[in-house]
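Asker: I have a structure I would like to understand better, so I am pasting it below and will then ask my questions one at a time.
The values are calculated or read from the model by the stated rules, or taken from the named source; none is laboratory data. Keep in mind that what you see is a predicted model, and the values were worked out from it rather than measured. Positions of Cβ are generated from backbone atoms using ideal geometry, with glycine treated the same way; all protein chains shown enter the neighbour counts. Accessible surface is based on the protein model in full, side chains and every heavy atom, while ligands, DNA and RNA are left aside. Shrake-Rupley method; radii C 1.70, N 1.55, O 1.52, S 1.80 Å.
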Amino acid sequence: MDIAAVVRCVGRCYVSPAFGESEPLRLSERRFLKLCSSTNSDPAGSRSLIFGGKLHRRLSFFRPIMATDESISSRSSDCAGETKQINGKQKNIVWHDCPVTKSDRQELIKQKGCVIWITGLSGSGKSSLACALSRALHNRGKLSYILDGDNVRHGLNNDLSFEAEDRAENIRRVGEVAKLFADAGIICIASLISPYRRERAACRALLPEGDFIEVFMDVPLHVCEARDPKGLYKRARAGKIKGFTGVDDPYEPPMDCEIVIQNNRDKSLSSSSTSSSLCEMAEIVVSYLDQNGYLKTP
Ligand SMILES: Nc1ncnc2c1ncn2[C@@H]1O[C@H](COP(=O)(O)OS(=O)(=O)O)[C@@H](OP(=O)(O)O)[C@H]1O
Ligand SMILES: Nc1ncnc2c1ncn2[C@@H]1O[C@H](COP(=O)(O)OP(=O)(O)O)[C@@H](O)[C@H]1O
């Protein structure tokens, strides 16, 4: 491994607390190489970096910023990113900024990344609205992606139950992923029951002001229950599902959200009428996005 190349590429790096220094340090190539050759032993094991012949095996503390020889050689000084320390449980993790920014991505796809957070009871029409909205945006040439509660629970969140603590974790993870999508410049549509105000507020707080757009599917329980497309309310009423939202688990409606949709039509309506009402609902959200500048380069 070419250490000089590492230093040139990284430019600015942070010394791990394993070195006994916690403050960011700008290392010159000479100082870095000196550090490499001098830091070779520590009786307590806290300075256990051994450089020289086995150098490459001992550089794991730099992994977030140095990666492999191959990736290093492909970087040039004008494309190098910035690192900074973060707060959190993981003391030795550093953030690496990329010079291609959110603004660059938004300019490329001519839209502003945001999160449309659709909340409501099971059967209130969250997934239907998410799909209709994604279609409406697609037709306008706008890039969106749906994170549906049911779907995400098939993969990323397949370790989570419907206990309160797991629902909170489900919402937290989806909030974090949605934030990444928004950072990519994408209009991320998250559709999950997300029954708790506190967790929804925490997801809102992850995003810049205005970029979290909460949509409440305001549908009475009896309408959702009459629809019961998956037969889950029936099973919950029969005691076969415990802790079902609206039946024996709480749902806290938003008190101050951006959009309220009253999707009260019952299931006896024809499918063409349902789809036209879905188009109308999607259009409400599209208009909001349009009026607030999300459908053009910011
Ligand atoms: N106990 C219980 N309570 C509520 N919902 C249940 C439950 N068990 C399974 N399901 C099915 O899971 C879907 C909800 O998943 P979510 O991830 O959106 O829920 S939550 O936000 O974590 O509360 C939900 O999907 P939707 O009907 O689309 O809302 C149900 O199909
Ligand atoms: N506007 C509407 N009119 C009539 N039925 C609807 C409407 N919106 C949704 N539905 C129906 O309600 C059921 C639940 O919708 P869904 O989108 O799966 O809700 P959720 O994702 O909130 O559980 C589905 O059978 C769907 O076709």
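Asker: Where residues in segment 262-298 are of a type in the set (A, V, I, L, M) and either part of a loop (DSSP other than H, G, I, E, B) or at pLDDT 95 or above (or both), which of them is farthest from ligand 1 (Cβ to nearest atom)?
Answerer: My answer is L295.
Asker: Scanning segment 107-139 for residues that are farther than 25 Å from V223 by Cα and within 16 Å of ligand 2 (Cβ to nearest atom), which turns out least open to solvent (accessible area, probe 1.4 Å)?
Answerer: Residue satisfying both the conditions and the ranking: A136.
Asker: Just give me the residues in segment 211-228 being under 18 Å from L133 (Cβ atoms) and open to solvent by 20 Å² or more (accessible area, probe 1.4 Å), in sequence order.
Answerer: F216, D218
Asker: Checking I189 against (1) open to solvent by 50 Å² or more (accessible area, probe 1.4 Å); (2) within 14 Å of ligand 1 (Cβ to nearest atom), which test does it fail?
Answerer: I189 satisfies every listed condition except (1).
Asker: Is it the case that segment 186-204 has a residue that's away from ligand 2 (no atom under 16 Å from the Cβ) and out of contact with any helix residue (DSSP H, G or I) (no Cβ under 9 Å at 6 or more places or on another chain)?
Answerer: Looking through segment 186-204, at least one residue is away from ligand 2 (no atom under 16 Å from the Cβ) and out of contact with any helix residue (DSSP H, G or I) (no Cβ under 9 Å at 6 or more places or on another chain).
Asker: With the requirement that a residue be open to solvent by 50 Å² or more (accessible area, probe 1.4 Å) and in contact (Cβ under 8 Å) with a residue 24 or more places away in the chain, what does segment 165-180 give you?
Answerer: R172, E176, K179
Asker: Does R200 satisfy the criteria of being charged (D, E, K, R) and open to solvent by less than 10 Å² (accessible area, probe 1.4 Å)?
Answerer: yes
Asker: Go through segment 196-229 and report how many residues are assigned to a loop (DSSP other than H, G, I, E, B) and either touching a Gly at 6+ places or on another chain (Cβ under 6 Å) or touching a residue at least 60 places away in the same chain (Cβ under 8 Å) (or both).
Answerer: The number of residues fulfilling the criteria is 8.
Asker: Output yes when any residue across segment 251-260 is among the β-branched types (V, I, T), away from ligand 2 (no atom under 11 Å from the Cβ), open to solvent by 30 Å² or more (accessible area, probe 1.4 Å) and more than 27 Å from Y288 (Cα to Cα), and no when none is.
Answerer: no
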